[in-house]
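J.: Handing you a structure now.
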Amino acid sequence: MTRTQPPRTSPPDRAAAVNGSSRAPALPPPRRRRRPALLALALTMVVLGALGAAYLATSLGATSSIIAVAREVPWGQQLTAADLVEARVSADPVLTPIPYAQRDQVIGMVAATTLTPGSLLTREALIEQPLPPAGQQLVGVGVSAVQLPTTPLRPGDDVLLVPVAGSGGAQSPTAPVAPRTVPATVVRSGSPGTDGLRVVDVLVDAADGPDVAARAAAGLVAIVVVAGE
């Protein structure tokens, strides 16, 4: 007996209308409008950014050879070759260091201030005239631990050289008749010797140099630090 198969029905259209409404027609995708002005602006910004990055890299990479301080140089001391070292820094109009090519011209000049290691050397930090300058004399004053402050003396400190009486209150025959306090400037403070005395180099007026030297030789000078200007 032949079985009759029912006719096939097509599945419901998935895009059929929902709730009885008909299927919405498919719309074509919107066309993109090209804007040449925006494209040109974006391209210009990219080019400018690349140029700026290249300029920055070139500027940072451009360095110059200059003189730096290798070790501390106290005020009033002459520069030696061991005090100087070569350094390379980026060019900066604010900085005015001395080029390393002028190193030989700098050796022998005098520090106008205490130079610290790692600092850049400038013309303002140097003077050409060695110590003592005109009108002054350099005197070494030997003092004991009770004749100067415990605080270390630094080059450039303003001090007073105060006369003190000798043992028993008697005046030393080499000391001036009427000793007085003499203003001075510290150049260098040495280390204590085996006799316990520390020699301090000071600058005094030329008129006071001989008297200070005479009293210092007799150990009749005490050092007092005063406030700087």
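The values are calculated or read from the model by the stated rules, or taken from the named source; none is laboratory data. Note that this is a predicted model, so its numbers are computed, not measured. Because the Cβ atoms are built from the backbone with ideal geometry, glycine has one as well, and the counts that use them run over all protein chains shown.
J.: I'd like to know if region 114-124 contains one or more residues that are at pLDDT below 90, more than 30 Å from Asp211 (Cβ to Cβ) and not in a loop (DSSP other than H, G, I, E, B).
T.: Yes - at least one qualifying residue is present in region 114-124.
For every residue, the table says whether it meets (1) closer than 19 Å to Leu95 by Cβ; (2) surrounded by 10 or more Cβ atoms within 10 Å (Cβ to Cβ); (3) modelled with pLDDT of 80 or more.
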| site | (1), (2), (3) |
| --- | --- |
| Leu38 | no, no, no |
| Leu43 | no, yes, no |
| Leu48 | no, yes, no |
| Ala53 | no, yes, no |
| Ser59 | yes, yes, no |
| Ser64 | yes, yes, yes |
| Val69 | yes, yes, yes |
| Gly76 | no, yes, yes |
| Leu79 | no, yes, yes |
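J.: Here is a further query. Give the residues of region 123-153 that are without any contact (Cβ under 8 Å) to a residue 60 or more places away in the chain and surrounded by 15 or more Cβ atoms within 10 Å (Cβ to Cβ), sorted by residue number.
T.: Matches in region 123-153: Ala125, Leu126, Ile127.
J.: Kindly establish whether Thr114 is among the β-branched types (Val, Ile, Thr) and touching an Asp or Glu at 6+ places or on another chain (Cβ under 8 Å).
T.: Judged against the criteria, Thr114 is a match.
J.: Filter region 146-174 down to residues that are over 30 Å from Thr116 (Cβ atoms) and part of a loop (DSSP other than H, G, I, E, B) and give me whichever is modelled with the highest pLDDT.
T.: So, considering only residues that are over 30 Å from Thr116 (Cβ atoms) and part of a loop (DSSP other than H, G, I, E, B), the one modelled with the highest pLDDT is Val164.
J.: Anything in region 81-96 that is assigned to a helix (DSSP H, G or I) and surrounded by 11 or more Cβ atoms within 10 Å (Cβ to Cβ)? List them, or say none.
T.: Listed by number, the residues that qualify are Ala81, Asp83.
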